[in-house]
Structures are given as structure tokens and as C-alpha cells.
Amino acid sequence: MSAQTLRELLDEVVAGRQLDVPILIAVHARQAEGSSDLTLVREEPLDWIRYTGEYGDCPFVLLGRAEAEPARLGRSRQCEVRIDDESVSKHHATLRFDRARGEYLVIDESSRNGTCVNGQKLYPGEAAAIWSGAYLTLGDAVFVFIEPPALRRLARTARSSS
């Protein structure tokens, strides 16, 4: 894969690249606690054109190799998703797909600086659902979580709006 930014990844998806794992879009600046973006709810429709415009030049990371495999997130070389940020613990959190519930879950692994989903702090060991468009905060690092079907919709929307 040659894509480095969300916009480049969307171009690859439009060109036919198959992607079966979710991504995290690295948001460069931490959102203010009172930001409406941090309080999005699952039922609220996502403004995909805004996401493409606002985050198109942001880097992203793939979360794992397959839906069935959990992905460890942190600074350690042993983590599947390495995050180079001093506020992120060596093994900060784990992301996994719960087949019984049909949703992705993030689990805080007793991190030093905490894990939040849309501004809601998780307790150590706590699992919380995460969905496309949700903000995932690990220490000071902020990401937007996008599932593969939503990424394909985003690619189609970006293509039709250009």
C-alpha cells in the first residue's frame, strides 16, 4: 500500500482496493472538551464531505490484519498499531471485533493517561463500543475511527463531490 493520507487511501479504494479492517485517522490537534465533535452519537448521520475535507490530509493507520484478530494500540514494538506519542502507554488499549454484538470494542489496558470514546473516559479494563465517526483519544493522541463499509461510502461520496 502506498497511501499515506486519508485522501490517498480513498483514491485507492475508488480504484478498487479492497479493505477489510477499520482505520484510525490521526487528528493532529486535540479537540476541546466542549467540542460537539466529541459528543457525536451513533444515530447522528455523518457528514462525509466534512470528514474528507477536514481530515483528507491526515495520516491513518490500519487496525490489524483481519476482523477476527484483536489489535493492541500503544508505543511498544509488540503492539500491532504503534503510536509514537509520549502520552500513550506502551500497551494503551486493545481494539477487537465482538461477533456476538456485531460491533467493535475498545478496551483500556490500565493506561497511564486514559482512553476516551467521544469524550467518555473508560475505566481500566473497561470495554466500550466504537463506531464509524467516533473519536478515540489515547492520552493526548486523538483519532477518528472508521469501519470498512463506512470507508467505502466515504470514498464514493468524495468521488461524487469532486
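A few remarks follow.
- Cβ-Cβ distances below 6 Å connect the following pairs, each with a first residue in the stretch 10-29 that is modelled with pLDDT of 90 or more, a second residue that is hydroxyl-bearing (Ser, Thr, Tyr), and a separation of six or more residues or different chains: Ile25/Tyr55.
Here is a yes/no grid of residues against (1) touching a Lys or Arg at 6+ places or on another chain (Cβ under 6 Å); (2) in a strand (DSSP E or B); (3) modelled with pLDDT of 95 or more:
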{"position": "Val61", "(1), (2), (3)": "no, yes, no"}
{"position": "Ala66", "(1), (2), (3)": "no, no, no"}
{"position": "Asp85", "(1), (2), (3)": "no, no, no"}
{"position": "Lys90", "(1), (2), (3)": "yes, no, yes"}
{"position": "Phe97", "(1), (2), (3)": "no, yes, no"}
{"position": "Ala100", "(1), (2), (3)": "no, no, no"}
{"position": "Ser111", "(1), (2), (3)": "no, no, yes"}
{"position": "Pro124", "(1), (2), (3)": "no, no, yes"}
{"position": "Val144", "(1), (2), (3)": "no, yes, no"}
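- Only a single item in (1) at pLDDT 90 or above; (2) open to solvent by 60 Å² or more (accessible area, probe 1.4 Å) is not met by Glu44, and it is number (1).
- Residue in the stretch 138-155 that is farther than 22 Å from Leu9 by Cα and surrounded by 15 or more Cβ atoms within 10 Å (Cβ to Cβ) present: yes
- Here His91 passes the criteria (1) open to solvent by less than 40 Å² (accessible area, probe 1.4 Å); (2) out of contact with any helix residue (DSSP H, G or I) (no Cβ under 7 Å at 6 or more places or on another chain); (3) under 15 Å from Thr137 (Cα atoms) except the one numbered (1).
The values are calculated or read from the model by the stated rules, or taken from the named source; none is laboratory data. The structure displayed is predicted, hence computed values, not measured ones. Glycine also receives a Cβ, built like all others from the backbone with ideal geometry; neighbour counts cover every protein chain displayed. Just the protein is used for accessible areas: all its heavy atoms, side chains included, with ligands, DNA and RNA removed. Shrake-Rupley method; radii C 1.70, N 1.55, O 1.52, S 1.80 Å.
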